[in-house]
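A.B. asks: One structure is given below, represented as structure tokens, and several questions about it will come after.
The values are calculated or read from the model by the stated rules, or taken from the named source; none is laboratory data. On a predicted model such as this, the values are computed, not experimentally measured, just so you know. Don't worry about glycine lacking a Cβ; one is built from the backbone with ideal geometry, like all the others, and counts go over all protein chains shown.
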Amino acid sequence: MDAERLIEATRYALAESKAVPDIVAEAWQAQALAEAVGSHLAINGPPTVRSEALGLSEAGSRACGSLHHPALRADGVRATRLTMIGDARCTLLDLAGLLGETGAALVSVAVSADEEGLYWQCVEAIDAADESGDRVIGILRRLALRERGGVA
């Protein structure tokens, strides 16, 4: 499945999530998608972005941890369905937007958290979304430099 469709599905699911476990599950799905996009670009992307893409993959994997996350739903990990990235720039822009929305959703959960454990889980997930977003921006910069004919 195309990355942009997976990002859109995750964006929609995050927007529709009202309960805390659902929001946390969608934040986890977004990080799994960041890992998958990073891995795909590290293998198939332009050589100038491969090291940055590997960093995105690693950041996403650190945030995801095990594929047996308790927040997973019956449909499993959406990111495992990634088969192609049509337009890397568009995909990365969409992914950056999703990661920003994920961070905002997690902030709202964190500020209303009654449990200290949930609060800190959200803080760590916010940091992970922010790190992944920074990695996406780094890849976009390298792509832009490459398009302008500069050395990346």
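A.B. asks: What tally of residues in region 1-60 results from selecting those that are free of Cβ contacts under 8 Å to residues at least 12 places away in the same chain and in contact with a helix residue (DSSP H, G or I) (Cβ under 6 Å, 6 or more places away or on another chain)?
C.D. replies: 1
A.B. asks: Related question: How many residues does region 33-52 hold that are modelled with pLDDT under 95 and small (Gly, Ala, Ser)?
C.D. replies: Residues flagged as modelled with pLDDT under 95 and small (Gly, Ala, Ser) within region 33-52 amount to 2.
A.B. asks: So, in region 101-111, exactly how many residues are crowded, with 16+ Cβ neighbours inside 10 Å and either out of contact with any Asp or Glu (no Cβ under 9 Å at 6 or more places or on another chain) or not in a helix (DSSP H, G or I) (or both)?
C.D. replies: Of the residues in that region, 4 qualify.
A.B. asks: How many residues are buried (at least 19 other Cβ atoms within 10 Å of the Cβ) and either modelled with pLDDT of 95 or more or not in a helix (DSSP H, G or I) (or both) when one looks only at region 134-143?
C.D. replies: Within region 134-143, residues that are buried (at least 19 other Cβ atoms within 10 Å of the Cβ) and either modelled with pLDDT of 95 or more or not in a helix (DSSP H, G or I) (or both) number 3.
A.B. asks: Here's another thing I want to ask about it. Out of curiosity, is residue 4 at pLDDT 95 or above and within 24 Å of residue 145 (Cβ to Cβ)?
C.D. replies: So residue 4 passes the test.
A.B. asks: Please go through region 112-124 and pick out each residue that is farther than 19 Å from residue 16 by Cα and assigned to a helix (DSSP H, G or I).
C.D. replies: Once the filter is applied, which keeps residues that are farther than 19 Å from residue 16 by Cα and assigned to a helix (DSSP H, G or I), region 112-124 yields 116, 117, 118, 119, 120, 121, 123, 124.
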